[in-house]
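Just below is one structure, and these are the notes that go with it.
The values are calculated or read from the model by the stated rules, or taken from the named source; none is laboratory data. As the structure is a prediction and not an experimental result, all values here were calculated from the model. Every residue, glycine as well, gets a Cβ built from its backbone with ideal geometry; the counts of neighbours run over all protein chains shown. Note: accessible area is taken over every heavy atom of the protein model, side chains too, but ligands, DNA and RNA are not part of it. Shrake-Rupley method; radii C 1.70, N 1.55, O 1.52, S 1.80 Å.
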Amino acid sequence: MGGIVAIRELRFAAMSNARMSNVLLFVLPALIWGSTWYVIKFQLGVVPPLWSVVYRFLLGGLILVAYCVLRGVRMRFAVREHARILMQGVFLFGLNYWLVYIAEEELTSALVAVAFSTIIFFNIAFGTIFLHRKTERKVLLGAVLGLLGTVLLFYQDLQQLDYDQWPVFSIVVCILSVVSASLGNVTSAANQQVGIPVLQTNAYGMLYGAFMMSLIALVSGTAPAFEATSAYIGSLLYLSLFGSIAAFGSYLTLVGRMGADRAAYVLIVIPVIALLLSMALEDYAFRAFAMIGISLILVGNLIVLRK
């Protein structure tokens, strides 16, 4: 009898540790990516966005490769596995961010944040199509509440848009950036299903993404540039070490454990964190619609993540 009780206690402890681990994997990328909306501002101006993306993921990839070598983990993969990693790198560590920068040249960050909150629907659709995953009703309900909450969060910002003169090109680019990010998420989940480790995938994937973006820059005639200021270099290091390595490592591990649709809820919480930072650092005025939006996002969060 005592042995049975001990086994039950061990199982309970293991389940508790797993839950805490998932909570940490959820909170870490949410906090980091929530802050990157503000940090990215220090990257704009002198250096073309395309090259800033190259620098960010080249640095992140080199650091991860060095870390992998020091740890002695397996770094040799078959050609087919490298093709999978290349696909993830292009979607998630290249096109996604490049398209976001292009979209934000004309669209407000609020609109882009609202657009990115729809990624959960793309993840659900692509997960069903490519991974043959079934989606629970509560996930859809939580996603709808989260999306509605995000729209309310930026309701007054959206009201200021001139709907008769929408920059159609930027809107299309913004939607394509969400599609690219979602395809990257689903590709990561598929890679993990066939046993390709997250750490090595991110290391090679970031290098592949940086390489492909540098090719696009050279072919398009975008000359390389660099800004040797503390603001640019500091933001680059933050985005590389935390925004790329730490956040993506945590988030993609969560994708492998929970599925791309549930893990994408991290990306719905991000606008809330970005708003709070804007209040503290940019004197953002807190409004009634924002409070309602935050409440809906948190309720949807609980619905999606509860046992």
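Quick one: which of F154, F121 is aromatic (F, W, Y), under 16 Å from the mean Cα position of the chain (by Cα), under 18 Å from L267 (Cα atoms) and modelled with pLDDT under 85? It is F121. Per the conditions (1) within 17 Å of N202 (Cβ to Cβ); (2) assigned to a helix (DSSP H, G or I), the sole criterion not satisfied by V73 is (2).
Considering only the range 45-70, state which residues are in a loop (DSSP other than H, G, I, E, B) and open to solvent by less than 50 Å² (accessible area, probe 1.4 Å).
At the first step, the residues of the range 45-70 found to be in a loop (DSSP other than H, G, I, E, B) are 45-48.
Answer for the range 45-70, where residues must be in a loop (DSSP other than H, G, I, E, B) and open to solvent by less than 50 Å² (accessible area, probe 1.4 Å): V47, P48.
The single condition among (1) on the phi > 0 side of the Ramachandran plot; (2) of a type outside the set (G, A, S); (3) touching a helix residue (DSSP H, G or I) at 6+ places or on another chain (Cβ under 6 Å) that H132 does not satisfy is (3). For L236, the stated conditions hold: it is in contact (Cβ under 8 Å) with a residue 40 or more places away in the chain, within 19 Å of G94 (Cβ to Cβ) and touching a Lys or Arg at 6+ places or on another chain (Cβ under 8 Å). Residues of the range 85-114 that are at pLDDT below 75, open to solvent by less than 30 Å² (accessible area, probe 1.4 Å) and over 12 Å from the mean Cα position of the chain (by Cα): L107, A110, L111, V112, V114.
Selection over the range 199-238 of residues that are crowded, with 21+ Cβ neighbours inside 10 Å and in a loop (DSSP other than H, G, I, E, B) gives a count of 0.
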